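First comes the structure, then the notes that go with it.
The values are calculated or read from the model by the stated rules, or taken from the named source; none is laboratory data. Bear in mind the structure is a predicted one, so any value in this text is a computation, not a measurement. Virtual Cβ from ideal backbone geometry, glycine too; neighbours counted across all protein chains shown.
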Amino acid sequence: MDKKLITIFTKGTSIGVPFFFIQFEHKMSSHHVVRDLQEPALIIANGEACSLELLGQLLEWSPYVVVLDGAIHRVLELEIKVDVLLGDFDRNEIPLENIKTKQDAIEIVHTPDQNKTDLEKAIDCLILKEHRAVNVLWATGRRADHTLANITGIVRFKNQITITIIDDYSVIYQLPATFQKWYPKNTPISLIPVGTVEGIVTENLKYNLQNESLTLGYRIGSSNEVAEDGIIKISHQKGDLLMMECKD
């Protein structure tokens, strides 16, 4: 069985979390042999849908599934077992009673607060339930404002929960102050600051930084790549820095 690797972080330490290519039927279940809170939860947002292969891989490793209200119809069509349906439910076409009939154990969470995005409210919900890590699907694509808010908004949860946004082309997460991981040569890597990030030092990238700063909108570290097979090292002194592991 082929294996891929998603990297997540807690307390500043790199942790490799493997997931597998799997065969799955059209009816998808998030409940397997893993135990609650041991594996990352899964949030399905309302952006562009990913491939069914990627969706199946993450469902296999995610025992707890939270769906945002705008995505519920697409999720129900895939017959995914949902643990929590969350949102402000400002769309009258969401038949909650019918959903409860189809998903007998579902928890409906009404979150009318307009000062937070639905994704932020879903992450808050998982923190209250003491989840330590979450993968997020369907958070990119479609509306550009939603994509930007979803990606940059994960930094406000630093030190509370590990968040990894995943689509068919990118894996996105916040870097700790010191990070290292093995990559093959030529792996595309982008370093995206949220605001200004100072004191960035990198090793084994094609374009290394030596105690330099990046600022969103002015200078970012996009379209870099791994120089040679082996460990890359990235450290920064101040600010919020996102890693994007990309593929074309």
How about the stretch 214-235: which of its residues are touching a residue at least 40 places away in the same chain (Cβ under 8 Å), surrounded by 13 or more Cβ atoms within 10 Å (Cβ to Cβ) and among the β-branched types (Val, Ile, Thr)?
-> Val226, Ile232, Ile234
Looking at the stretch 141-162, is at least one residue in contact (Cβ under 8 Å) with a residue 24 or more places away in the chain, in the same structural domain as Leu52 (by TED's automatic domain parsing), in a loop (DSSP other than H, G, I, E, B) and in contact with a Ser or Thr (Cβ under 7 Å, 6 or more places away or on another chain)?
-> yes
In the stretch 38-64, residues that are under 13 Å from the mean Cα position of the chain (by Cα), surrounded by 20 or more Cβ atoms within 10 Å (Cβ to Cβ) and outside any loop (DSSP other than H, G, I, E, B) total 6
Scan the stretch 157-208 for residues that are on the phi > 0 side of the Ramachandran plot and more than 18 Å from the chain's Cα centre (by Cα) and jot them down.
-> Asn186, Gly195, Gly199, Asn204
Which members of the stretch 201-248 meet the condition of being over 12 Å from Tyr183 (Cα atoms), part of a loop (DSSP other than H, G, I, E, B) and not hydrophobic (A, V, I, L, M, F, W, C)?
-> Lys206, Tyr207, Asn208, Gly217, Tyr218, His236, Gln237, Lys247, Asp248
Going through the stretch 236-247 in order, the residues found to be surrounded by 13 or more Cβ atoms within 10 Å (Cβ to Cβ) and over 12 Å from Val197 (Cα atoms) are Met243, Met244, Glu245, Cys246
